Amino acid sequence: MGITVIHSVLLFDGTCVHEAATVIFDSDNGKITSVFTGKSDVPLGAAVIDGTGYTLLPGLIESHMHCDGIILPPGIENIDGLQMSLKCGITTCCDLHSDPDVVKELREAIAVETAKARSLGGMVSTSDLKSALHAATIEDGYPKSYLLGESPSEELKRKIGRWPNVTLANAAEYIKTTKAKGADYIKIFQENCCSFAAKTGSLPSATLELQVALTKAAHAENLLVVAHANNAESTRMVLQAGADGLAHTFVDQSPPQELIDLYKATKAFTIPTLTALATLTGAEQSRRERFADVVQQKNLAAELIHQEMRKSVSWNAPEAKFEYAVQAVTKLKEEGLDIMAGTDSMVGLAGVAIGPSLWMELEMYVDLCGMSVVDALRTATAVPAKRFGLTDRGEVVPGKRADLVLVKGNVTERLQNLWEGDGVVRVWREGLEAAHFIKNR
């Protein structure tokens, strides 16, 4: 415990790259104290790490995941995705719809583990968790009816029965109640099923009037609004309603200029979830299998996880194509709009895994969307920290949380160094080292 000095390291600070940098942080308060180029006198009693040949990054931020394991088959215990994510260098997970009781339990466990590690000189094992809690679902709407299917278990019916039935009459009350329970932001759904292998309009869909009411009420409570929409029509509606960002990009058509212009006018961000859209459409199978191999080789998750990663949902309408999502991300990036890396990962969903799927997401930004490696890294560090209002993280600068990731090799030139070879070798959350890496050194 105490002061740690990492010197002679290639530093990506969340925005820019610095060579031969020194970063000093204090595990007692979890803060970064100094960042500069070159070396200086080492504080007495400090732990010293030679960063030659390594890259130091801010802890990665996963901008779209789900922590409650609601789609796991009956009898299978939920697997802690926050442990998997920390192993991958993700120090903050942003949940976009989970049961408040599950979120509360996980947050309490994080707080207890952190306090114990700080007081006794121990280690941490999970990422930090932000959450929307229960999203603003409507009666019989998406994803309620989609998840219930034809023969739901009694347990699943019980869980989904706890979800809100939001209406114009109770929209403001829902916002206040959700905030009081500890929501960090609000999630809304706009879904007409036109991108799915289901009849368009087969489920009830929220009206523009309701989405406007929810967004206004959330903003009155200083809460950000993130909207589910994976087709152009629904995207247009939630942007018109005033949503701050989209939880997906659209996959039903090439990006129309008027929709790009609406993004620009509203300055909304996008969490593309290319990983999720790839499994929806059955695209990128060889890439999915390659990352499943990484999970298995590095022992990052249980057998169930890397087997599920090899599958795909493949439940898209014929006109919904993965290439449209790639085109949308490319165009939005070219127009200077904010892109935030997220995967829509949840335990039990075919084709994704909390943690390694973020690596796959970043690789697709570089390989398919024309981003530089540094631009891709920004989508998982400084950009989501700024847009989610997480002012204490996302950058390696004095005063911020010591959420740090040390990786063998130059990640800023070759993204694959995050997972290939030695990959991520050490992780700190609030200055406390991750147990997985201590045990494997």
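The values are calculated or read from the model by the stated rules, or taken from the named source; none is laboratory data. Computed from a prediction, not measured in an experiment: that's the story for all the values here. All Cβ positions, even for glycine, are placed from backbone atoms using ideal geometry, and neighbour counts span all protein chains on display.
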Qualifying residue in the range 35-55 (condition: touching a residue at least 24 places away in the same chain (Cβ under 8 Å) and closer than 30 Å to Ala276 by Cα): yes
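Condition first: among the small types (Gly, Ala, Ser), assigned to a loop (DSSP other than H, G, I, E, B) and under 25 Å from Gly245 (Cα atoms). Now tell me which residues in the range 61-104 satisfy that.
Gly69, Gly89, Ser98
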Some residue of the range 34-46 being within 24 Å of Thr391 (Cα to Cα), assigned to a strand (DSSP E or B), under 25 Å from the mean Cα position of the chain (by Cα) and of a type outside the set (Val, Ile, Thr): no
Meets criteria (assigned to a loop (DSSP other than H, G, I, E, B) and more than 27 Å from Gln83 (Cβ to Cβ)) for Gly348: no
Subset tally (residues that are in contact with a strand residue (DSSP E or B) (Cβ under 8 Å, 6 or more places away or on another chain) and modelled with pLDDT under 95) for the range 69-102: 1
Count - residues of the range 390-441 that are surrounded by fewer than 23 Cβ atoms within 10 Å (Cβ to Cβ), within 14 Å of Ile49 (Cβ to Cβ) and modelled with pLDDT of 95 or more: 5
Helices (runs of 4 or more DSSP H) contained in the range 234-317 and holding at least 1 residues over 22 Å from the mean Cα position of the chain (by Cα) and surrounded by fewer than 24 Cβ atoms within 10 Å (Cβ to Cβ): 257-266, 285-297, 303-309
In the range 1-18, residue surrounded by the most Cβ atoms within 10 Å (Cβ to Cβ) [restricted to those that are under 28 Å from the mean Cα position of the chain (by Cα) and among the aliphatic types (A, V, I, L, M)]: Leu11
Restricting the range 99-114 to residues that are among the charged types (D, E, K, R) and surrounded by 14 or more Cβ atoms within 10 Å (Cβ to Cβ), the residue that is nearest to Ile160 (Cα to Cα): Asp99
Residues (in contact (Cβ under 8 Å) with a residue 40 or more places away in the chain and either more than 18 Å from the chain's Cα centre (by Cα) or over 16 Å from Arg429 (Cα atoms) (or both)) located in the range 93-115: Leu96, His97, Asp99, Pro100, Val103, Lys104, Thr114
Counted residues, the range 47-59 - those being in a strand (DSSP E or B) and in contact with an Asp or Glu (Cβ under 8 Å, 6 or more places away or on another chain): 1
Single match in Ala21, Ala117, Ala46 (criterion: surrounded by fewer than 18 Cβ atoms within 10 Å (Cβ to Cβ) and either under 18 Å from Met346 (Cβ atoms) or not aromatic (Phe, Trp, Tyr) (or both)): Ala46
All positions within the range 366-415 that are farther than 23 Å from Thr126 by Cα, free of Cβ contacts under 8 Å to residues at least 40 places away in the same chain and either assigned to a loop (DSSP other than H, G, I, E, B) or within 17 Å of the chain's Cα centre (by Cα) (or both): Met371, Ser372, Ala376
Residue, nearest to the chain's Cα centre (by Cα), within the range 132-184, restricted to residues that are of a type in the set (Ser, Thr, Tyr), assigned to a loop (DSSP other than H, G, I, E, B) and more than 19 Å from Ala243 (Cα to Cα): Ser153
